[in-house]
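These notes concern the structure reproduced below.
The values are calculated or read from the model by the stated rules, or taken from the named source; none is laboratory data. Keep in mind that what you see is a predicted model, and the values were worked out from it rather than measured. Using ideal geometry, Cβ is built from the backbone for each residue, glycine included, and neighbour counts are taken over all protein chains shown. SASA here: full protein model, heavy atoms, side chains in, ligands and nucleic acids out. Shrake-Rupley method; radii C 1.70, N 1.55, O 1.52, S 1.80 Å.
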Amino acid sequence: MSKIQDNNRQIITTREMHTGGEPLRIMVSGLPKIKGQTILDKRQYCKDHLDDFRRFLMHEPRGHKEMYGAILVEADDETCAIGVLFIHNEGYSTMCGEGIIALGRYVIDKQLIMPNNESSVFNIQCPCGPVKVFVESKNGKTDMVKFHSVPAFVYLLAEKIKVDGLGLITIDIVFGGAFYAFVIDRDVGLDLRKSTTKQVCDIGSAITRAVKEKINIKHPESEGLSFLYGTIITDGKDDYMEEATMNCCVFADSQVDRSPCGSGATSRIALQYAKSQIKLKQTRRFQSSATKSEFIAMAVQEVTYHGRDAVIVEVGGRAYYSGSSQFEMEDEDPLKDGFLVN
């Protein structure tokens, strides 16, 4: 690990937040300079040269298998105030909606850009592209955060795939900043309101493995986005209604999103819109099966993206501060690099 020495100790400071229960560990100081001309170059540089920092901060004993993090970087898109790289137990994601909601508050509260009274609007550059962020303030305190997604589109509809332990099932694959496979709980022997999180996680992970093995996903613009990030299991309540619809996102290395999943809500809205189950500007509520926390989301604009029908989706939620941390590494510690217990 590249070292910033303090009496032979590695020191990294972070700010801790959560959105709907999903943690976000924001790197404040202690990381070396991240090189690269574009944000995807920077993401690759971290994978190739700084992955020990990811393990140090995400894995035990400083983190855990469900930890999530954000590294702020300089944006190469001049329309964006700042750039971000997202990290987790397995590697690096292309988008995290709940992370954007937390960062919306953080950027304003830290005055990384100057706030604008009751409503601040700015762009954050993610590996998937620029995301427009809207931060509301009440009584001088940041509050609700919404964002507008990159173009979200259906990649495959009603695709048949054989999954170990499940047999032949039907899935949809949708891009909402990352690619997700979607399946309804009852179609794979689950009930999100009764099944345990482990049962949901095991089946979601099995579906993800099968899709990665059998379907070659290609993003129309970037090879760096051409992979399945996870599987989202839903309650199947996709026709428009005012009550919340429930889902659970299983991503990376069998990591369970505690929130309703921001890029997952983006993708579900795109899927519902493509199936004519909702209209533009119809707000849906999405609820996490893990914590019962909720996001709101709606399709706000039709667009064409590399010849595909797509939508811009608005997602909203609230994030909260949970602490600040200073993490150390002692050279003689045999577990200094971090570990995971499966």
Would you mention how many residues in region 323-342 are of a type in the set (Ser, Thr, Tyr) and surrounded by 14 or more Cβ atoms within 10 Å (Cβ to Cβ)? 1
Taking region 308-336 and keeping residues among the aromatic types (Phe, Trp, Tyr) and farther than 30 Å from Pro130 by Cβ leaves Phe327
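When you scan region 24-135 for strands (runs of 3 or more DSSP E) that lie fully inside it, which ones turn up with 2 or more residues that are more than 20 Å from the chain's Cα centre (by Cα)? Spell out how you get there, then give the answer.
Working: elements: 69-73, 82-87, 119-126.
Output list reads 119-126.
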For region 92-101, indicate whether the set of residues that are farther than 19 Å from Val150 by Cβ, open to solvent by less than 40 Å² (accessible area, probe 1.4 Å), modelled with pLDDT of 95 or more and of a type in the set (Val, Ile, Thr) is non-empty. no
Can you find a residue that is closer than 15 Å to Gly316 by Cα, under 17 Å from the mean Cα position of the chain (by Cα) and either open to solvent by 20 Å² or more (accessible area, probe 1.4 Å) or without any contact (Cβ under 8 Å) to a residue 12 or more places away in the chain (or both) anywhere in region 144-155? yes
In this structure, does Ser205 turn out to be small (Gly, Ala, Ser), farther than 30 Å from Glu223 by Cα and at pLDDT 95 or above? no
Only one of Arg55, Arg25 is closer than 17 Å to Ser325 by Cα and open to solvent by 50 Å² or more (accessible area, probe 1.4 Å). Can you tell me which? Arg55
Reported set for region 259-294 where residues are in contact (Cβ under 8 Å) with a residue 40 or more places away in the chain, in a loop (DSSP other than H, G, I, E, B) and closer than 23 Å to Ser119 by Cα is Gln282
I'd like the full set of residues that are closer than 19 Å to Gly20 by Cα and either of a type in the set (Gly, Ala, Ser) or not in a strand (DSSP E or B) (or both), limited to region 136-173. Ser137, Ser149
Subset tally (residues that are over 19 Å from Tyr320 (Cβ atoms) and either hydroxyl-bearing (Ser, Thr, Tyr) or open to solvent by less than 20 Å² (accessible area, probe 1.4 Å) (or both)) for region 72-91: 9
Anything in region 156-185 that is over 29 Å from Gly224 (Cβ atoms) and surrounded by 12 or more Cβ atoms within 10 Å (Cβ to Cβ)? List them, or say none. Leu166, Ile184, Asp185
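State the number of residues belonging to region 306-342 that are over 30 Å from Phe153 (Cβ atoms) and of a type outside the set (Asp, Glu). Before you say what the answer is, go through the steps one by one.
So in region 306-342, the residues over 30 Å from Phe153 (Cβ atoms) come out as 320-342.
This time we only want the ones that are of a type outside the set (Asp, Glu), so: 320-327, 329, 334-336, 338-342.
The total comes to 17.
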Kindly indicate whether any position in region 226-238 is among the aromatic types (Phe, Trp, Tyr) and either open to solvent by 30 Å² or more (accessible area, probe 1.4 Å) or touching a Leu at 6+ places or on another chain (Cβ under 9 Å) (or both). yes
Do you know which of the residues in region 209-225 that are in contact with a strand residue (DSSP E or B) (Cβ under 8 Å, 6 or more places away or on another chain) and assigned to a loop (DSSP other than H, G, I, E, B) is most open to solvent (accessible area, probe 1.4 Å)? Pro220
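Quick one: is Glu242 on the phi < 0 side of the Ramachandran plot, assigned to a helix (DSSP H, G or I) and of a type in the set (Asp, Glu)?
Working: on the phi < 0 side of the Ramachandran plot: yes; assigned to a helix (DSSP H, G or I): no; of a type in the set (Asp, Glu): yes.
No; evaluated as a whole, the condition is false for this residue.
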Pairs only if they're at least six apart or on different chains, beta carbon under 6 angstrom, first in region 295-317 and in a strand (DSSP E or B), second open to solvent by 30 Å² or more (accessible area, probe 1.4 Å) and hydroxyl-bearing (Ser, Thr, Tyr); list them, first residue then second. Ile296/Thr283; Met298/Thr283; Ala299/Tyr273; Val311/Tyr273
Residues that are open to solvent by 10 Å² or more (accessible area, probe 1.4 Å) and of a type in the set (A, V, I, L, M, F, W, C), drawn from region 109-131: Leu112, Ile113, Met114, Val121, Phe122, Cys128
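From the list Gln301, Gln277, pick out the single residue that is within 28 Å of Asp191 (Cα to Cα) and either surrounded by fewer than 20 Cβ atoms within 10 Å (Cβ to Cβ) or of a type in the set (Asp, Glu) (or both).
On the way: Gln301 fails: within 28 Å of Asp191 (Cα to Cα).
Testing whether each residue is within 28 Å of Asp191 (Cα to Cα) and either surrounded by fewer than 20 Cβ atoms within 10 Å (Cβ to Cβ) or of a type in the set (Asp, Glu) (or both) leaves just Gln277.
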